[in-house]
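The structure under discussion appears below in the form of structure tokens.
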Amino acid sequence: MASFQRQPAERLVKPSAIAPALLDWYDRHARTLPWRVASSDLAKGIRPDPYRVWLSEIMLQQTTVAAVKGYFEKFVTTWPTVGDLAAATDDSVMAAWAGLGYYSRARNLLAAARQVNEAGGFPADAAGLKALPGVGDYTSAAIAAIAFDEPVAVVDGNVERVASRLAAIEVPVKTAKKQIQTVVSCITPAVRPGDFAQAMMDLGATICTPKRPACALCPVNAYCVAFKEGPDPTTLPVKLPRKARPARLAGAYVAERSSDGAIMLVRRPASGLLGGMAGPYLTDFSSRHDGATGEDAAPFAGDWIDCGTAEHGFTHFQLTLEVMSARIDGEPALPDGAFWCPRDELIHAALPTVMKKAIAAAIPNAFHA
DNA sequence: TAGCCGTGGTC
DNA sequence: TGACCAAGGCT
């Protein structure tokens with residue numbers, strides 16, 4: 001019966017032995033990443049810069065390490081300190097973030113930078129950090145552990161997977177958050193909590209992977225209930241089936257001014273899909289309904305030419321854009337938020353990937369030189 | 001609370 | 001090739 005079932009944390013094999021084994025592995029196999037401080041420097045007492053830790057953690061939310069690296073380097077080169085970032089313009093930050101996705105992160109990033117700069121520095125504990133916009137349970141714990149040596153449980157998707165397997169948690173992760181939190185708290189050490197957190201994430205990324213975990217190479221396989229007793233680690237964590245992604249349709253209109261080749265862009269509202277970002281005029285659509293297409297739905301009259309379609313997948317729907325283009329001779333009344341972007345500034349505009357696809361469908365070499 | 005919010009890589 | 005996924009947070 002469920003009441004006689006031992007709690008996951010109690011099923012752990014020698015919980016106090018896990019952190020030492022994992023840290024020993026981490027000392028030999030830690031990934032070298034731009035936002036990390038070398039272990040030799042850590043040994044000298046050099047602490048990670050909270051600004052760089054925070055910036056990297058925001059960028060890494062639901063985003064791969066490979067995708068983040070270049071953006072991180074660009075940001076810390078352009079804005080080496082939180083004060084530099086706080087002084088940046090909204091447009092420059094949105095443009096620098098363009099292509100990385102989840103654009104509310106960029107707006108929250110800038111708001112938080114200004115808040116921190118005003119306060120004279122970052123909050124030095126998880127509770128204070130969580131009050132910053134864009135910083136939730138995971139990110140506040142990660143920054144507190146890595147930058148401020150606070151022994152808090154850091155639970156992200158990797159850690160959920162590792163903990164689910166270590167304690168053989170067979171209930172769906174969605175309903176096991178608290179159990180997982182308890183398991184991770186139970187094995188988080190008082191010393192080197194930041195390295196431990198990063199070791200758990202490295203383990204999840206390189207050994208305890210979702211599909212084909214390399215259990216034979218795992219430094220903590222001796223303490224892994226799923227590995228030793230089952231169920232098969234690849235079946236954990238238990239995830240509920242996702243809902244199907246609906247398909248949506250909308251019109252995209254690329255207007256080129258014939259006098260100088262400038263492209264009409266529209267700045268989108270600050271909130272919602274692609275909030276604060278620019279792109280060609282799109283007809284109104286959402287995850288729930290299609291937008292209008294065709295010549296009649298154009299922002300103004302003109303010789304609109306059919307340029308085919310552009311496809312783009314969002315998290316919860318698939319979008320097909322029916323792209324049209326026109327060369328504009330006069331000065332038509334522009335829709336709200338629209339402006340002419342000089343052709344040589346197009347590359348530097350805050351254009352999300354889906355917008356670049358739409359423009360490229362109309363002007364194939366738009367981003368080549 | 002469950003839906004909203006991007007993108008590119010992997011198999 | 002399409003489904004799944006990767007260091008979540010906000011409302």
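The values are calculated or read from the model by the stated rules, or taken from the named source; none is laboratory data. Just so it is clear, the structure is predicted and the values come from calculations on it, not from any experiment. Virtual Cβ from ideal backbone geometry, glycine too; neighbours counted across all protein chains shown. The accessibility values were calculated without ligands, DNA or RNA, using every heavy atom of the protein model including side chains. Shrake-Rupley method; radii C 1.70, N 1.55, O 1.52, S 1.80 Å.
Values for this structure:
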| quantity | calculated |
| --- | --- |
| Share of carbon and sulfur in the accessible heavy-atom surface of chain A [1.4 Å probe, %] | 53 |
| Heavy-atom surface of region A:16-149, accessible at 1.4 Å and reported per residue (Å²) | 45 |
| Cα-centred dipole magnitude for region A:247-362, charges only on beta-carbon of K, R (+1) and D, E (-1), debye, nearest 20 | 500 |
| Per residue value of the accessible surface for region A:289-369 (all protein chains in place, 1.4 Å probe), Å² | 54 |
| Convex hull volume of region A:247-362 per residue (C-alpha atoms, cubic angstrom) | 92 |
| Projected label distance in nm at A:Thr209 and A:Ala190, using a 7 Å step from Cα toward the beta-carbon | 3.8 |
| Full-extension gain in nm, A:Ala43 to A:Arg11, via 0.36 nm per residue minus C-alpha separation | 8.1 nm |
| Residues of type lysines that A:Lys243 reaches as a straight line, Cα spacing below 24 Å, ignoring anything fewer than 8 places off in the same chain | A:Lys174, A:Lys177, A:Lys211 |
| Karplus 3J(HN,Hα) series, Hz, for region A:32-43 with 6.51 cos²θ - 1.76 cosθ + 1.60 (x for Gly, Pro) | 8, 10, x, 9, 8, 9, 4, 4, 5, 6, 4, 5 |
| Nearest-20 debye value, chain A charge dipole, Cβ charges on Lys, Arg, Asp, Glu | 1600 |
| Sum of -39500 (n - 2.57) over DSSP H runs of 4+, divided by residues of chain A (222 nm, nearest 500) | -11500 deg cm²/dmol |
| Furthest towards positive pole of dipole, A:Phe314, A:Trp304, A:Thr139, structure part chain A, Cβ charges | A:Thr139 |
| Gain upon complete extension [A:Glu295, A:Asp336; 0.36 nm per residue less C-alpha separation] | 12.9 nm |
| Dipole of chain A, positive end: most advanced residue of A:Pro241, A:Tyr223, A:Phe148 [Cβ charges, Cα centre] | A:Tyr223 |
| Per-pair calculated FRET efficiency, R0 = 45 Å: A:His368 and A:Asp125 via Cβ, rounded to 0.05 | 0.40 |
| Net charge dipole size for region A:173-280 [Lys, Arg +1 and Asp, Glu -1 on Cβ; Debye, nearest 20] | 520 |
| Translational diffusion coefficient (Stokes-Einstein; Kirkwood radius from C-alpha pairs) of region A:171-330 at 37 °C, 0.692 mPa s, in µm²/s | 159 |
| Whole-number D in µm²/s for region A:42-200 (Stokes-Einstein; Kirkwood sum over Cα pairs; 10 °C, 1.306 mPa s) | 96 |
| Mean shadow area of region A:125-252 over all directions, Cα convex hull, nm² | 10.7 |
| Inter-probe distance in nm under a simple model that places probes 7 Å from Cα toward Cβ, at A:Asp149 and A:Ala216 | 4.0 |
| Per-residue ³J(HN,Hα) for region A:142-153, Karplus 6.51 cos²θ - 1.76 cosθ + 1.60, θ = phi - 60°, Hz, x for Gly and Pro | 5, 5, 4, 6, 6, 8, 10, 6, 8, x, 10, 6 |
| Interchain or long-range residues, amide H under 5 Å from A:Ile328's placed H | A:Glu256, A:Arg257, A:Ser258 |
| Residue-wise HN-Hα coupling along region A:183-188, computed from phi with Karplus coefficients 6.51, -1.76, 1.60 (Hz; x: Gly, Pro) | 4, 5, 4, 5, 9, 6 |
| Simple spin-label estimate for A:Glu311 and A:Lys74 in nanometres, 7 Å along Cα-Cβ | 2.6 |
| Selection from A:Pro8, A:Gly128, A:Ala199, by position along the positive dipole direction of region A:2-235 (Cβ) | A:Pro8 |
| Angle between chain A longest axis and helix A:50-59 axis [Cα atoms, degrees, rounded to 10] | 70 |
| Scattering profile of chain A at q = 0.15 Å⁻¹ [log10 I(q)/I(0), Debye over alpha-carbon scatterers] | -1.23 |
| Placed amide H near A:Ala338: partners under 5 Å, 5+ positions off or other chain | A:Arg267 |
